[in-house]
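Some notes on the structure that comes next.
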Amino acid sequence: MNSSTRKIRQASMGDLEQLLRLLHQLSPPKNEKPFHSAEHVINYMLHDPQYHLNVYLLDDGRLVGTSMLLVQHNFSHGGRPVGHIENVVADEPLRGYGIGKALVENQLRVARERGCYKVILDCSVANTPFYEKCGLHKTGEVEMRIDI
């Protein structure tokens, strides 16, 4: 696969079924009642300018990757926003071909354009080498979490 087969664009409502297929590779669904329907969530993201939900398409139109950037307003750092990258996933058979890296680099470009002073993401320890290849680095800070 070469760079001529790459197309990154904003997601659309028509991408929902393929997006869910990819996201289930990242985080398989559990037997729990959804808080909101998938249609409600994507509609919200597509209409809120702080969300940048991207998809990666091959020339044949197959959606094989996705990522999301949330730009959060901020009081510190001169009011510059912070970017949060989430849900980076490439279709399992195509991992290792640069899809995830291209998606992360695209989100970093958007974050720079939006004036973010930093971009953060959470990942498993096993995924840190991938994100280091994308230019991110460990900070020594600790992520704290509570599942509610």
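Normalising by the residue count of the range 3-133, find the relative contact order in percent from Cα pairs under 8 Å and 6+ residues apart.
Result for the range 3-133 is 23 percent.
Please list, in chain and number order, the residues 5+ apart from VAL119 or on another chain whose amide H is under 5 Å from its amide H, with Hs placed from the backbone.
Here GLY83 satisfy the definition.
Once label points are set 7 Å from the Cα along Cα→Cβ at both LYS133 and TYR117, what is their separation, rounded to one decimal in nm?
Here the modelled spin labels are 3.2 nm apart.
Just to check I understand the Karplus step: with θ = phi - 60° and J = 6.51 cos²θ - 1.76 cosθ + 1.60, what whole-Hz values come out for the range 9-24, glycine and proline as x?
Each residue's phi maps through the Karplus curve to give 8, 5, 5, 9, 4, x, 8, 4, 4, 5, 4, 5, 4, 5, 5, 5 Hz.
In what sequence, highest mean first, do 11-17, 110-116, 97-103, 60-66 appear when ranked by Cβ atoms within 10 angstrom?
Ranked from most to least packed, the peptides come out as 97-103, 60-66, 110-116, 11-17.
Using 7 Å Cα-to-Cβ label points, what is the ARG80/ARG109 separation (nm, one decimal)?
Label-label distance for ARG80 and ARG109, simple model: 2.0 nm.
Given points 7 Å out from each Cα along the Cα-Cβ axis, report the MET45 to GLU32 separation in nanometres with one decimal.
1.7
Here are a few candidate values for log10 I(q)/I(0) by the Debye sum over Cα atoms at q = 0.13, 0.16, 0.17 Å⁻¹: [x] -0.93, -1.07, -1.09; [y] -0.52, -0.82, -0.93; [z] -0.63, -0.97, -1.10. Which one was actually calculated from the structure I just gave you?
Answer by label: [z].
Taking amide hydrogens as modeled 1.01 Å from N in the peptide plane, which residues meet the under 5 Å criterion relative to GLY65, leaving out close sequence neighbours?
Placed amide hydrogens put TYR56, ASP91 under 5 Å from GLY65.
How many lysine pairs does the chain hold where the Cα atoms are under 30 Å apart and the two sit 8 or more places apart or on different chains?
10
All of the numbers you see were taken from the coordinates with simple rules; none came from a lab. All values reported here derive from a predicted model rather than from experimental measurement. Note that each Cβ is placed from the backbone with ideal geometry, even for glycine, and that neighbours are counted across all protein chains shown.
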